[in-house]
Amino acid sequence: MKNLKIAIQKSGRLNEKSVQLLKNCGLDFENYKSSLITTVGNFPLEILFLRDDDIPGYVEQGIADLGIVGENIIDETESKVEYIKRLGFGKCTLKLAIPKDSLIQDIKDLNGKAIATSYPNILKNFLDDYKINADIRLISGSVEISPGLGLSDAICDIVSTGGTLKSNGLKPFADVKNSEAILVGRKGLEGNEILAELVQRIESVLLAKETKYVVLNVEKKNLPAITSLLHGVKSPTVVPLAEEGWVAVHTVITEDDFWDKINKLKTEGAQGIVVMPIEKIIL
């Protein structure tokens with residue numbers, strides 16, 4: 001079967017995590033920092049390293065079969081690609097921001113104002129939803145400095161922590177779009193066996209990242225209360241201990257309610273709780 005090609009960011013905020021995800025899937029490849037293309041040694045896949053803005057177009061045109069790219073880039077380029085899997089990393093928000101002393105108080109106040117952005121298509125669609133006619137000024141690079149230079153009344157840009165806004169005398173005004181890394185594919189990949197195997201590996205890695213493997217000891221008399229708190233992938237595994245009347249319970253707990261569950265388990269008599277990371281979960 002012909003190898004598939006996947007495009008990922010060569011450098012930037014998604015590069016490291018995209019590479020790590022593929023390596024966690026058991027893919028063996030090298031030279032990704034010095035080459036534009038590399039072949040996976042143990043899986044029918046080739047990896048292309050591209051500018052993030054180019055990835056959706058390469059996938060749409062079929063030059064690459066798959067891509068890992070931010071949702072904001074997909075929307076901005078208006079590329080026709082298939083969403084395959086949300087990957088849960090690279091999360092950020094495209095926000096409108098205004099100077100701290102701005103008189104703008106409502107979305108409608110943007111009517112007739114100049115807004116600097118590197119995402120004119122996303123911004124225009126957002127403003128159209130509110131029937132706002134603003135002067136969208138395309139700026140590549142440091143969008144945050146444009147109000148201070150008198151080039152715009154507001155900006156629309158990616159915000160992660162908000163530190164850059166604050167250092168430029170700006171404050172968040174409105175959320176335009178939330179974004180995260182997405183695995184996308186070209187049209188016509190339905191039923192592809194290589195893709196199905198890759199997606200299964202990715203899902204197993206992502207599921208493992210969200211969970212912890214927990215082993216604890218408990219007296220048998222407290223076992224019903226303990227098992228009622230634990231659902232795991234299916235149900236807890238219970239193993240008798242050498243000490244009469246005691247058992248060891250093995251289970252999986254999701255990261256979201258980890259500390260809440262641990263505290264409740266201790267309250268119900270759990271002792272010797274051991275918590276371990278999980279590399280992969282295959283359902």
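Selection of region 218-231 for residues being of a type outside the set (Ser, Thr, Tyr) and open to solvent by 60 Å² or more (accessible area, probe 1.4 Å) yields Glu219, Lys220, Lys221, Pro224, His231. Scanning region 154-180 for residues that are open to solvent by less than 60 Å² (accessible area, probe 1.4 Å) and either among the charged types (D, E, K, R) or in contact with a Cys (Cβ under 7 Å, 6 or more places away or on another chain) (or both) turns up Asp157, Ile158, Val159, Val176, Lys177, Ser179, Glu180. Among the residues of region 36-47, those that are without any contact (Cβ under 8 Å) to a residue 60 or more places away in the chain and either farther than 18 Å from Ser11 by Cα or within 20 Å of the chain's Cα centre (by Cα) (or both) comprise Thr39, Val40, Gly41, Asn42, Ile47. Of the residues that make up region 157-169, is at least one modelled with pLDDT of 95 or more and out of contact with any Asp or Glu (no Cβ under 7 Å at 6 or more places or on another chain)? Scanning region 157-169, I find no residue that is modelled with pLDDT of 95 or more and out of contact with any Asp or Glu (no Cβ under 7 Å at 6 or more places or on another chain), so the answer is no. Among residues of region 13-35 being in contact (Cβ under 8 Å) with a residue 24 or more places away in the chain and open to solvent by 30 Å² or more (accessible area, probe 1.4 Å), the one that is nearest to the chain's Cα centre (by Cα) is Lys17.
Criterion applied to Val215, Val199, Val184 was being surrounded by 15 or more Cβ atoms within 10 Å (Cβ to Cβ) and either aromatic (Phe, Trp, Tyr) or touching a helix residue (DSSP H, G or I) at 6+ places or on another chain (Cβ under 6 Å) (or both), and the one residue passing it is Val184.
The values are calculated or read from the model by the stated rules, or taken from the named source; none is laboratory data. All values derive from a computational prediction rather than experimental measurement. Glycine gets a Cβ as well: all are built from the backbone with ideal geometry, and neighbour counts include every protein chain shown. Protein only, heavy atoms only, side chains kept; ligands, DNA and RNA dropped before computing areas. Shrake-Rupley method; radii C 1.70, N 1.55, O 1.52, S 1.80 Å.
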